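K.L.:
First the structure, then my questions, so here it is.
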Amino acid sequence: MTKKIIGLTGGIATGKTTVANYLADAYDLPVLDADIYARQAVCVGSPILDAIAIHYGNQILLPNGDLNRQKLGEIIFHHPDERAWVENLIHPYVRDRFLAEIQASTAKILVLVVPLLFEAGMTDLVTEIWVVCCSQQQQLARLMQRNNLTFEQAQARIHSQMPIAEKAARADVVLDNSSTLEALLKQVDQALS
C-alpha cells in the first residue's frame, strides 16, 4: 500500500496546529507532531537533555530537572551556531520517531506536522508538502499574544526559520490563513478532495 504522507509546515504561529487539529477531527487522520517528539527528546533523564546540561551548565535546568525552555530559547534564537548545535541533537531523534510511526501505521494518509520540515531536511519523509502562511504582521501579533513575547523576542523566533515565502514556493499546497477560520478550513477540504 502506498501511503500519502502530508508534511504540514509553515512559519511559527501561522496556523499549523489549527489545520492539524481539523485534519484529525474532521477526517480522522493520524497526526504525528515533531514538537511532541522534540519535547520527548529532552525529557528528564534523556541523553539529549544530559548533553544540553553539560554544554550550558545546570542553569539551563529548572529546579525539578526539566529543561528551562525559556532560557534555552533566549540562547538559541539569538545565536544561530547554538541553535544548530541543539537541533543537531534533537532532529535525528525526531526523524527516527517519524520513521518508526510511519512504518507502524496502517493508515492510507498520515499527517506529519514539522515546523522545520525544510530546515531539518525531512522533506524526504513526506509525499506532499502543505505550507500554512499568513502575513508577517499577523504572524508577529499571534506569536506575541500566544507566547506572551515581546516584539523583539517574536521577531527573533520568526527570523530563525526559513522565510515563509520560500517555504510556500516549495509547497505542493499553500494554505492562506490570513482571513477567517472558515476560509482556511475550506482550503483544507479542497486540498484533500
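None of the figures in this text is laboratory data; all of them are computed from the coordinates on show. Treat the numbers as computed from the prediction; the structure is a model and nothing was measured. Heads up, the Cβs are rebuilt from the backbone with ideal geometry, glycines too, and the neighbour counts pull from every protein chain shown.
K.L.:
Where the Cα atoms of the range 1-71 are projected onto their three principal axes, how long is each span, largest first, in whole Å?
P.N.:
Projected onto the principal axes, the Cα atoms of the range 1-71 cover 45, 30, 19 Å.
K.L.:
Here's a follow-up. Report for the chain the percent antiparallel among DSSP-assigned beta bridges with both residues inside it, nearest 5.
P.N.:
In the chain, DSSP labels about 5 percent of beta bridges as antiparallel.
K.L.:
Say a site is exposed when it is one of the trypsin sites (Lys or Arg not before Pro), sits in a DSSP loop, and has at most 15 other Cβ atoms within 10 Å; what is then the longest site-free stretch of the chain?
P.N.:
Answer - 4-107.
K.L.:
For K16, give me every one of the lysines with a C-alpha distance below 22 angstrom, ignoring sequence neighbours fewer than eight places off in its own chain.
P.N.:
K3, K4, K108, K167, K186
K.L.:
Once you charge only the Cβ atoms, +1 for Lys and Arg and -1 for Asp and Glu, what is the size of the charge dipole of the chain about its Cα centre, to the nearest 20 debye?
P.N.:
That gives a dipole near 120 debye.
K.L.:
Report the Cα centroid-to-centroid distance between the range 63-137 and the range 1-37 in angstrom, as an integer.
P.N.:
13
K.L.:
If I build a Gaussian network model for the chain, linking alpha-carbon pairs within less than 10 angstrom, which residue out of E101, E128, E119 has the largest mean-square fluctuation?
P.N.:
Fluctuation is largest for E101.
K.L.:
What is the spin-label model distance, in nm, from A183 to E82 if the labels are put 7 Å beyond Cα along the C-beta direction?
P.N.:
Each label point lies 7 Å from its Cα, and together they span 3.9 nm.
K.L.:
Turning to a different aspect of this structure: Considering the Cα trace of the range 42-123, what is its radius of gyration and what is Dmax, both in angstroms?
P.N.:
Gyration radius and largest Cα-Cα distance of the range 42-123: 14.8, 45 Å.
K.L.:
So if the hydrodynamic radius of the chain is defined as the Kirkwood radius over C-alpha pairs, what does Stokes-Einstein give as its diffusion coefficient at 37 °C and 0.692 mPa s, in µm² per second?
P.N.:
So the translational diffusion coefficient is about 187 µm²/s.
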